[in-house]
Amino acid sequence: MTQERENIVLTEAVYYILLSLYEPLHGYGIMQKIQELSKGRVVLAAGTLYGALSTLVEREWIRALPNGKNSRRKEYVITAKGKEVVKNEIERLHELLANGQLITGGRAK
Amino acid sequence: MKHVVYRLFFVWDFEREQRWLNEMAAKGMMLTDVGWFRYVFQEGTPGEYEYQLEWLPNYPTHPESIAYIQFVEETGAEYVGSFKKWVYFRKKASDKQFTLASNLDVRISHFKRVIRLTGIISAAMLSILAPMVKSSLSLGYIPESYLPNMIVSGSILAFVSYGLYKAISAYRMLKRKRLIQE
């Protein structure tokens, strides 16, 4: 691991999209998964998802799976690079959380 | 029962147009078709559908647009129709799985495009008007042949720069919001 690391801050939507794709999923599946994970708090827009997916593929954080049985529904899955990004993001979130709890003095609900 | 409404909305007004369509839907009037400033509504259950309006970078017949529309439909939304590069979607309000609404970044880039479009038209009108104004000033009067041109381009300039102003205000407001939240 390099010492110098680009400080990447993911948006909430992208973070959850990456997490959902630890298993292969298609568009609607991703939306459902994120809804589940966030207990309905994060509701994704189709436009947002569409744009995010093409950017994530470009960056090689996820990849599209070759069209299988249901040829119209493209499925995506996270790549090793994407998993690395998620790992770093979780570390960043730990830092934020720890400092928040430290300063506010306890479990802020 | 079918209702046809004629209404004028301009490119910088798209969020107002969307609000209007959703207000109509809340009252039980569902948009089923669009055309030249022409909206066709069907009576239905109030609040059954939510509407979303998007300005695509290409015409709906372009492969990119087709792929995008297909994607949105696969998430469970319905494609209502299109007018130029504007596409209209709707989804059942009861389906809480997703929203059609755009996030801040999408809205910001939307207004950026409106600014670009109205800016270009304004600049074009200015380039037509400026030489005429200049020679009129040096002559001390406005030549008759200039008059129609000046009136037309002047009116367009006033109208479009108003739209430009509105788009810039909306853009700035959204950018300020974006500083704090996603």
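Could you check A:V9 against (1) open to solvent by 40 Å² or more (accessible area, probe 1.4 Å); (2) within 12 Å of chain B (Cβ to nearest Cβ); (3) at positive phi and say which number it fails? A:V9 satisfies every listed condition except (3). Residues in the stretch A:27-39 that are closer than 14 Å to B:K96 by Cβ and more than 7 Å from chain B (Cβ to nearest Cβ) were compared, and the one that is surrounded by the fewest Cβ atoms within 10 Å (Cβ to Cβ) is A:K39. For B:E17, indicate whether it is within 14 Å of chain A (Cβ to nearest Cβ) and among the acidic types (D, E). Against the criterion (within 14 Å of chain A (Cβ to nearest Cβ) and among the acidic types (D, E)), B:E17 does not qualify. Is it the case that B:Y59 is more than 28 Å from B:K175 (Cβ to Cβ) and surrounded by 15 or more Cβ atoms within 10 Å (Cβ to Cβ)? Criteria not met by B:Y59.
Quick check: anything in the stretch B:62-74 touching a Ser or Thr at 6+ places or on another chain (Cβ under 6 Å) and at the interface with chain A (Cβ under 10 Å from one of its Cβ atoms)? Scanning the stretch B:62-74, I find no residue that is touching a Ser or Thr at 6+ places or on another chain (Cβ under 6 Å) and at the interface with chain A (Cβ under 10 Å from one of its Cβ atoms), so the answer is no. Looking only at residues of the stretch B:99-117 that are more than 9 Å from chain A (Cβ to nearest Cβ) and under 22 Å from A:E12 (Cβ atoms), we find that the one that is farthest from the chain's Cα centre (by Cα) is B:L104. Of all residues in the stretch B:78-98, those being within 9 Å of another protein chain (Cβ to nearest Cβ) and either closer than 22 Å to B:R113 by Cβ or open to solvent by 60 Å² or more (accessible area, probe 1.4 Å) (or both) number 2. Only a single criterion out of (1) more than 14 Å from every other protein chain (Cβ to nearest Cβ); (2) touching a residue at least 60 places away in the same chain (Cβ under 8 Å); (3) not in a loop (DSSP other than H, G, I, E, B) is not satisfied by A:Y15, namely (1).
The values are calculated or read from the model by the stated rules, or taken from the named source; none is laboratory data. This one's a predicted model, so the numbers in the text were calculated from it and none came from an experiment. Neighbour counts run over all protein chains shown; Cβ positions are idealised from the backbone, glycine included. Accessible surface is based on the protein model in full, side chains and every heavy atom, while ligands, DNA and RNA are left aside. Shrake-Rupley method; radii C 1.70, N 1.55, O 1.52, S 1.80 Å.
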